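Engineer: Below are the structure tokens for one structure; questions will follow.
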Amino acid sequence: MYVKVAICLTFAILLLISCSIYVGTIDAKSYFFPLLQPSPLRLSLCATDRPLRVYMYDLPRKFNAGMMDRGTSQVAAPATVENFPPWPKTSGLKRQHSVEYWLMASLLYNEEEGSEAIRVSDPEMADAFFVPFFSSLSFNKHGHVTTDAEADADRQLQVELLEFLRQSKYYQRSGGRDHVIPMTHPNAFRFLRQELNASILIVVDFGRYPRNMSSLSKDVVAPYVHVVDSFTDDDPLDPYGSRTTLLFFRGNTVRKDEGEIRVKLANILAGIDDVHFENSVGTPKSFKMSTKGMRLSKFCLHPAGDTPSSCRLFDAIVSHCVPVIVSDKIELPYEDEIDYTEFSIFFSMKEALEPGYLIDQLRRFPKDRWINMWMRLKNVSHHYEFQYPPKKEDAVNMLWRQVKHKLPGVRLAVHRSRRLKVPDWWRRKR
């Protein structure tokens with residue numbers, strides 16, 4: 001009798017399993033051969049809505065916030081949210097290259113709501129790795145002190161950072177491709193930057209970077225941090241009529257490379273009544289005068305400087321002054337999300353140097369179209385605000401989103417490098 005019961009139970013169990021497999025409720029392979037199952041696929045980050053998970057290296061304070069301390073920082077411990085200094089109000093032009101500071105501050109703050117990136121303590125959980133070295137501030141603080149490269153404190157920090165990264169198994173694992181390193185000053189990391197050409201660099205343009213080092217495909221273009229005050233109460237009854245200056249420029253006219261166009265434009269635009277073109281240097285008084293001048297102008301001129309871009313463009317945006325961009329090699333932040341032709345006017349350098357052409361085009365510019373651009377500037381200007389704590393859709397969060405967009409290409413490069421026997425065979429001539 002017991003034998004018959006056992007046989008019936010066995011038959012019933014087998015019948016139940018067979019039916020389950022048939023209707024798809026049990027995966028036979030995973031049920032009977034669990035060790036043969038592949039690990040689950042890691043979904044592309046861009047296929048999810050979650051914030052970017054960033055691991056920030058705990059570098060000694062001398063690599064970042066220590067440069068803001070008075071004298072030489074002797075604190076070896078990493079900066080924390082408790083001892084991280086506010087950005088000084090008296091920093092002058094150094095502020096324009098302070099993107100590195102605001103990115104680090106956002107990770108120290110680490111509030112998930114409204115944030116495009118959150119800091120993780122476990123590097124195994126990270127989508128990207130942030131290297132909190134203030135390379136721009138390092139040049140501004142140490143780069144002009146000595147002409148002896150071996151004694152240069154900026155160079156020494158670069159050497160020590162490279163040694164640190166090369167000892168990191170996470171840097172080795174990807175060849176640095178998933179590491180994010182800010183270099184917004186044209187001379188940032190000037191001695192050894194070629195050693196980091198695989199990483200995601202945060203730059204303001206590509207003026208001093210060779211093509212084999214930096215490109216739009218892997219790097220992120222950041223805005224300069226504006227130095228004029230934001231125009232927060234720009235609500236006149238007649239915005240067009242209230243701005244009595246047609247075209248405004250205030251800045252250094254003696255520049256190198258493509259920036260030589262500034263002197264030529266000064267000669268072309270001299271003596272025109274409603275055009276303000278003035279040579280000046282970056283001082284607190286100058287910033288105040290530029291703030292006032294941009295708010296009273298319909299158009300703000302942005303010619304190339306020592307490199308294709310300058311802080312002036314972003315000063316114009318937060319002043320709601322329609323930018324007139326004269327720079328043939330400029331690249332712009334967030335351009336996969338923002339169409340700059342909706343609030344800016346572009347002239348080639350050749351067009352701008354044709355006597356009378358630029359001013360004639362601006363005088364003919366329709367009032368209703370200018371008002372549409374002015375309104376668009378008011379709508380997008382918050383994307384160019386660097387602040388602490390960060391806010392949704394501000395400059396820091398826009399930059400972290402840009403990093404997120406680069407990661408599928410990073411993964412492609414990492415996966416290919418693991419299996420290729422002949423690296424970059426497709427680059428060779430066929």
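The values are calculated or read from the model by the stated rules, or taken from the named source; none is laboratory data. The shown structure was predicted, so the numbers you read here are calculated from the model rather than taken from an experiment. All Cβ positions, glycine included, derive from the backbone under ideal geometry; neighbour counts span all protein chains shown. For the accessible areas, the whole protein counts, side chains as well, though only heavy atoms, and no ligand, DNA or RNA atoms are used. Shrake-Rupley method; radii C 1.70, N 1.55, O 1.52, S 1.80 Å.
Engineer: With N residues in the range 136-239, what two-decimal value do you get for its Cα radius of gyration over 2.2 N^0.38 Å?
Structural biologist: That works out to 1.37 for the range 136-239.
Engineer: Quick one, what does Rg over Rh come out to for the range 240-294 if you take C-alpha atoms and the Kirkwood Rh?
Structural biologist: Radius of gyration relative to Kirkwood radius: 1.00.
Engineer: Could I ask something else about it? How many lysine pairs does the range 245-384 hold where the Cα atoms are under 28 Å apart and the two sit 8 or more places apart or on different chains?
Structural biologist: Lysine pairs, 8 or more places apart or on different chains, close enough: 28.
Engineer: Students often check this: by mean Cβ neighbours within 10 Å, which of 313-322, 198-207 ranks highest, and how do the rest follow?
Structural biologist: Top of the packing list down: 313-322, 198-207.
Engineer: Where the eigenvalues come from the Cα gyration tensor of the range 65-221, what are the semi-axes √(5λ) of the equivalent ellipsoid, largest first, in whole Å?
Structural biologist: Value: 22, 21, 16 Å, ordered largest first.
Engineer: With r defined as the distance between the Cβ atoms of Arg416 and Glu393 and R0 fixed at 35 Å, what FRET efficiency is calculated, to the nearest 0.05?
Structural biologist: 0.55
Engineer: For the range 245-384, with every protein chain kept in place, what is the accessible area per residue (1.4 Å probe, Å²)?
Structural biologist: I get 44 Å² per residue for the range 245-384.
Engineer: Over all alpha-carbon pairs in the range 355-419, figure out the percentage whose distance exceeds 14 Å.
Structural biologist: Result for the distance tail: 74 percent.
Engineer: Let me ask something additional. If amide H atoms are built 1.01 Å from N in the plane of the peptide, which residues on other chains or at least 5 residues away come under 5 Å of the amide H of Glu278?
Structural biologist: Amide H neighbours of Glu278, under 5 Å, 5+ apart: Phe249, Arg250, Gly251.
Engineer: State the Kirkwood hydrodynamic radius of the range 90-170 in Å, one decimal place, computed from all pairs of distinct Cα atoms.
Structural biologist: 14.9 Å
Engineer: Would you calculate the volume per residue, in Å³, of the smallest convex hull containing every Cα atom of the range 245-384?
Structural biologist: 104 Å³
Engineer: What does the convex hull of the alpha-carbon atoms of the range 310-407 project to on average, in nm²?
Structural biologist: Quarter of the Cα hull surface area: 7.2 nm².
Engineer: Given the range 283-336 reduced to its alpha-carbon atoms as identical point scatterers, what log10 I(q)/I(0) does the Debye formula return at q = 0.12, 0.15, 0.18 Å⁻¹?
Structural biologist: So the normalised log intensities work out to -0.28, -0.43, -0.61.
Engineer: Continuing with this model, one more query. With an 8 Å Cα cut-off and a minimum separation of 6 or more residues, compute the relative contact order for the range 51-188 in percent.
Structural biologist: Taking the mean separation of contacting Cα pairs over the length of the range 51-188, I get 32 percent.
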